[in-house]
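Rule-based calculations on the coordinates, nothing more; no lab input. Model, not experiment: these values are computed from the prediction. Ideal geometry is used to build each Cβ from the backbone, glycine not excepted, and the neighbour counts take in all protein chains shown.
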2 protein chains.
Amino acid sequence: MAKQKARLKDIAQKTGYGTNTVSLALRGSTRISAAAREKIAKAALELEYVPNHIAKSLVSRRSNTVGLILHEITNPILTSAAEKIQLTLASSGYGVLFATSNGNFEAELRAIEMFRSRMVDGLLIYPLLHAKLDHLKRLRQQNFPVVMLVGIEDSGIDAVGIDEYAGAYDATRHLIEEGHSRIGALMTPQYQTALKYNGYTAAMASARSAAYRSRYAATPSV
Amino acid sequence: MAKQKARLKDIAQKTGYGTNTVSLALRGSTRISAAAREKIAKAALELEYVPNHIAKSLVSRRSNTVGLILHEITNPILTSAAEKIQLTLASSGYGVLFATSNGNFEAELRAIEMFRSRMVDGLLIYPLLHAKLDHLKRLRQQNFPVVMLVGIEDSGIDAVGIDEYAGAYDATRHLIEEGHSRIGALMTPQYQTALKYNGYTAAMASARSAAYRSRYAATPSV
DNA sequence: ATGAAAGCGCTAACAG
DNA sequence: CTGTTAGCGCTTTCAT
């Protein structure tokens, strides 16, 4: 915490006001005269005042910070999601504490513990898929906000996820609409993939029946 | 800051000790009797006590947190560096606040400001290369620890970087030692690439002269 | 419109 | 070995 140069008190002394007046003024309260607000803002600038969010957190009991845990960082879709998350949160004044569990469950637990002691307001996590979710459920029971970045069935934990079925369906439709008809799908034996496969087959099936109907419409058989 | 359930004071009441005794005990001070330490540890566990790092930071004046700013997150070498950084820092008890500047200088400035108000102990940054470095220099002048993740000449700011020359040299040597002799290099017109090119040519040159010498040694000419 | 005082949860002197 | 008192920087009643 590279020594804070100026505190509320310093600018209070410099301007002759009380610390609370300064606090209010800096936050733009109209309870303070415009003249005072201006004078105070000027002094703050001169002293290069940087508000101490730590102190503010202690009293407000919210850190305005969320924890983000990714179990791997090599996945570009995850990192780009992380970027979006950070940017969005930043625009609302939230900071993000970040950690990788590096495929290690113990590391995930330590990261969570560390985030909690840093009083994060909530946790965003892409957990190790094979790990038990008990630790997350426990957090939920303690009424601690947790949302997973991947949907896991019946976990009882909030999650945002990818609609694998719709994604595959739309992608397949797109190809079909571009005029392609021989469309294959490369799959791996995973749950998410199965969902994608269903989307793919559904799109193919609907295309076939559409083609069937149009054939009879366009070139009526004798 | 999802309401903290138990505070030092709570476990103090439950055990009958004073808060400072509890504080010391929890930190394993030998100034506290083993019996007391054990009793206190047990109570802390029962109350699911989570230390409030925020309060600790306020008094210790160090957040044990560093800020990490990357101007892009799509670059896998950057993200894997970020992972290493986070893991290393975590093992020393440090947290990392993360932000992307998203190629936007203003965003970089805002991120820095936010980190400062969150009292980060230092800043790790991969800045926008074309941006002026004045803001970082100013931080240095205020004696705020900053290190860049890319070396920029004469910036006066600490930096860790890649030894492009040595890397290319070693890679080329490696191929040579594996017996290859026709080694090409694909380059783009950038400063870093030029350094790599020099490493490559140096390795090639030394291999040629070595081959020259060995030819005369192994098959002396008549 | 502004000031005084209390307190957030914790650590750090001093006492005993 | 353990308790008491301050105080970190800020916000928040409650006065004035």
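Relative to the longest principal axis of the Cα atoms of chain A, the long axis of helix A:76-91 lies at roughly 40 degrees.
When both the range A:5-82 and the range A:162-200 are represented by their alpha-carbon centers, they are found 49 Å apart. Close amide-amide hydrogen proximity is noted between residue B:64 and B:121, each under 5 Å apart and 5 or more residues distant or on a separate chain (H modeled in the peptide plane; Pro and chain starts excluded). Within 10 Å of the Cβ of each residue in B:135-143, the mean number of Cβ atoms contributed by other protein chains is 1. For the residues B:118, B:138, B:182, a GNM of chain B with alpha-carbon springs under 10 Å puts the largest fluctuation on B:182. Note on residue A:60 and residue B:209: their simple-model spin labels are 6.5 nm apart, each label 7 Å out from Cα toward Cβ. What shape does the range B:64-125 take by its C-alpha gyration tensor, where a ≥ b ≥ c are the square roots of the eigenvalues and a/c under 1.5 counts as rounded, a/b above b/c as prolate, and the rest as oblate? Judged from the Cα gyration tensor, the range B:64-125 comes out oblate (a/c at least 1.5, b/c at or above a/b).
Counted by Cβ distance under 14 Å from residue A:8, the other residues give a net charge of +4, where Lys and Arg count +1 and Asp and Glu count -1. Among the GluC sites (Glu not before Pro) in the range A:14-99, those placed in a DSSP loop whose Cβ has at most 12 other Cβ atoms within 10 Å are A:48. The label point for residue B:47 and the one for residue B:188, both projected 7 Å from the Cα toward the Cβ, are 5.7 nm apart. Checking every one of the GluC sites (Glu not before Pro) in the range A:145-217 against DSSP loop status and a limit of 16 other Cβ atoms within 10 Å picks out A:153, A:178.
Per residue, the convex hull spanned by the Cα atoms of the protein assembly as shown amounts to 299 cubic angstrom.
A simple count of charges around residue B:70, restricted to other residues whose Cβ falls under 15 Å of its Cβ and scoring Lys, Arg +1 and Asp, Glu -1, yields -1. Other residues within the sphere of radius under 14 Å centred on the Cβ of residue B:159, judged by their own Cβ, net out at -3 (K and R +1, D and E -1).
Averaged over the residues of peptide A:55-68, the number of Cβ atoms from other protein chains lying within 10 Å of each residue's Cβ is 4.
Rounded to the nearest 10 degrees, the inclination of helix B:34-46 to the longest alpha-carbon principal axis of chain B is 80 degrees.
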